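Peer 1: Before we start, here is the structure in question, set down as structure tokens.
The values are calculated or read from the model by the stated rules, or taken from the named source; none is laboratory data. Keep in mind that this is a model prediction, so the values were computed, not measured. Glycine also receives a Cβ, built like all others from the backbone with ideal geometry; neighbour counts cover every protein chain displayed. When the accessible area is computed, the model is the full protein with side chains, heavy atoms only, and any ligands, DNA or RNA have been set aside. Shrake-Rupley method; radii C 1.70, N 1.55, O 1.52, S 1.80 Å.
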Amino acid sequence: MSSSSPQKDNFANYISSVYKTTLVERVGLIRAGIPAGYFYETAQAMGVSLANLSQSLGISLSLAYSIKSRGSPSQKKSLSNQIIGIHLLIGQVQNIVEECGDPEGFDAAEWLGTWAFGPNDSLGGHLPADYFDTVVGQEVVSNLLSAIRYGIYQ
């Protein structure tokens, strides 16, 4: 039996649903703006500080705290796009483990947080999280995850 909380389960279900959306549905999610709490929940789920997540997205810590404290219903499209991109990476990690490993007890968000905020030889020692601030950068990270999945990771 899983020892995760209902909040963590709800967030995991959300991540899974986002990963399974079509591109057109994702555009709708981005345009609608993610709930402000998802920014903070993403940092928590990944086991990283709000400061680290903010820095990786190229936003100021004051904006991150403003998002957290104000609880505004949604954020700008660009921030929603970045956060949804991270959610897709989490979903990709979960999918890889479900296809290739044992997902029992595996926490994809936490794994991504640990991996992405550590130096990576394939990126010349840079952090994968350094690429979270753009769609193209997130694609670089996604490609690295695919390389891991297919055993061609260096």
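Peer 1: Just subtract the alpha-carbon distance of residue 100 and residue 66 from 0.36 nm times their residue separation and send over the number in nm, one decimal.
Peer 2: 8.3 nm
Peer 1: Roughly speaking, to the nearest percent, how much of the chain's 1.4 Å accessible area is carbon and sulfur?
Peer 2: Answer for the chain is 54 percent, counting heavy atoms of protein chains only.
Peer 1: In whole Å, how far is the Cα centre of the stretch 103-125 from that of the stretch 12-54?
Peer 2: One Cα centre to the other: 17 Å.
Peer 1: Rounded to the nearest 500, what is the chain's calculated 222 nm mean residue ellipticity when only DSSP H runs of at least 4 contribute -39500 (n - 2.57) each, over all residues?
Peer 2: Estimated from H runs of four or more residues: -20500 deg cm²/dmol.
Peer 1: Dividing the alpha-carbon radius of gyration of the stretch 72-154 by 2.2 N^0.38 Å (N being the number of residues), what value is obtained?
Peer 2: 1.12
Peer 1: If I histogram all Cα-Cα distances within the chain using bins 10 Å wide from 0, what percent of pairs lands in each bin?
Peer 2: Here the calculated profile for the chain is 11, 42, 37, 10, 0.
Peer 1: Give me the accessible area per residue for the chain, probe 1.4 Å, as a whole number in Å².
Peer 2: Ligands and nucleic acids excluded, the result is 55 Å² per residue.
Peer 1: Per-residue counts of other Cβ atoms within 10 Å, averaged by peptide: what ranking do you get for 139-150, 52-63, 81-92, highest first?
Peer 2: Highest to lowest by the protection proxy: 81-92, 52-63, 139-150.
Peer 1: Ok, one more. Using the Kyte-Doolittle scale, find the helices of the chain whose mean hydropathy is at least -1.0 and whose Cα atoms extend 15 Å or more along the helix's long axis, counting only whole DSSP H runs.
Peer 2: Once both thresholds are applied, what remains is 6-19, 36-46, 77-100, 135-149.
Peer 1: Once you have the Cα-Cα distance between residue 25 and residue 134, take 0.36 nm times their residue separation minus that, and quote the gain in nm to one decimal.
Peer 2: 37.3 nm
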